[in-house]
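Shown next, in structure tokens, is the structure this report addresses.
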Amino acid sequence: MTGPSLRIVTVNWNAGPLLHDCVGSLPRALPQTPTGGFTLERMVVVDNASADGSADALEDAAPGLPVTVLRNAENRGFAAACNQGAAKSEADWLLFLNPDTRLSADSLAPAFAFLADPANGRVGALGVRLVDEAGHTQRCCARTPTPGRLVAQSLGLDRALPGLFPPHFMTGWDHADTRDVDQVMGAFLLVRRSLFEAVGGFDERFFVYYDDVELCLQVRRAGWRVVHFAGAEAYHRGGGTTDQVRATRLFYGLRSRLQFVAKHHGPLALLAVGAATLLLEPVARLAQAALRRRPGDMAEVLRGTARLWADLPRWIPGLLRGRA
């Protein structure tokens, strides 16, 4: 018996050597025997029109392993590229894995051993402990956003008064134990393929950010568990490809926030969160950057916010109808 099968999907956009390191780490995570708990269907790398050659010669990073590269002529966004990489898979499980991660022998086999326990038969999505270069555990699980939490986040109240306004990420918990959570991070997101298809995959309206929030919410609404499994770990650099475009990252993060509110909470909530996001949050971000004497950060805030305002006429009508 070879156990369940797995397809790994990685979306790449100018990740540089990080992608080769990620693919090159795969052999260390695979079973050493045919009865090692799971089998690899293949790894699919979806390249979103990278200009740095990072998706070239990936077969050299993991010789002999089934690695497929799909090249897009334009950047389709994270959600759409994930769906593209998962399409036509017959694997039992899909692992959505960021290019700034690295796997080890402690990444996959322990997770599949956990899932093989009949007591965990209703686990629909699973994340593992993500660690940095020094081995420190990252706070990577999150709470499902509510309009109140998002307004508090815009005003910085979640950082100033976390006891009264719990932050999005569960920073007060050390992630050292296994538990059910609202959301695990999309950097390492293992989901049942049949369930992924049943909920419609990633919502492609979210170009990037909130896509993992949305998917985990749909998994739980379908009656399945989302679990942080502390018995496995993977390295995660964090911000690996978006550090180079911080204004763009801010724009998409804020826009996805508004899209999420429009989809799940309606026009009145959108008005409140939109006002906080568009009017108050830029002031708070600028003040914070000024106090830290970071003029570069101030410029990025201004560029990202200006782009969001400029984009409003194009997508706000659909947003109000919940279709943006």
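The values are calculated or read from the model by the stated rules, or taken from the named source; none is laboratory data. In this text the structure is predicted, and so the values were computed from the model without any measurement. Reconstructed Cβ throughout: ideal geometry from the backbone, glycine too, with neighbour counts over all protein chains shown. For the accessible areas, the whole protein counts, side chains as well, though only heavy atoms, and no ligand, DNA or RNA atoms are used. Shrake-Rupley method; radii C 1.70, N 1.55, O 1.52, S 1.80 Å.
In the stretch 134-258, the portion of solvent-accessible area held by carbon and sulfur atoms comes to 52 percent [1.4 Å probe, whole percent, DNA, RNA and ligands not counted]. Working note: 222 nm ellipticity from helices only, DSSP H runs with n ≥ 4, each -39,500 (n - 2.57), summed and divided by the residues of the chain, gives -12000 deg cm²/dmol to the nearest 500. What longest range of the chain stays clear of loop-exposed trypsin sites (Lys or Arg not before Pro) (DSSP non-H/G/I/E/B, at most 11 other C-beta within 10 angstrom)? In short, 123-291.
In terms of its C-alpha gyration tensor, the stretch 174-324 has an oblate overall shape, because the principal axis ratio a/c (a ≥ b ≥ c, square roots of the eigenvalues) is not below 1.5 and a/b does not outweigh b/c. Distance between the C-alpha centres of the stretch 164-188 and the stretch 265-306: 24 Å, rounded to the whole angstrom.
Dipole magnitude for the stretch 1-122: computed about the Cα centre from +1 point charges on Lys and Arg Cβ and -1 point charges on Asp and Glu Cβ, it is near 280 debye. Within the chain, antiparallel bridges make up roughly 35 percent of the DSSP beta bridges whose residues both belong there.
Of L161, L40, L126, the order by accessible heavy-atom surface (1.4 Å probe, DNA, RNA and ligands excluded), from most exposed downward, is L161, L40, L126. Computing Cα extents along the principal axes in Å for the structure here picks out one of (i) 94, 46, 28; (ii) 59, 50, 35; (iii) 58, 44, 40, namely (iii). Between L164, L150, L278, the Gaussian network model of the chain with springs among Cα atoms under 10 angstrom shows the greatest mean-square fluctuation at L164. The Rg/Rh ratio of the stretch 1-99, with both radii computed over alpha carbons and Rh defined as the Kirkwood radius, is 0.97.
For V131, the residues whose modelled amide H falls within less than 5 Å of its own, excluding neighbours fewer than 5 places apart on the same chain, are Q138, A234, Y235, H236.
When +1 charges are put on Lys and Arg Cβ atoms and -1 charges on Asp and Glu Cβ atoms, the dipole computed for the chain relative to its Cα centre reaches about 1160 debye. Only one residue of G24, L291, G231 has its Cα farthest out toward the positive end of the dipole of the chain, where Lys and Arg carry +1 and Asp and Glu -1 on Cβ, and that residue is L291.
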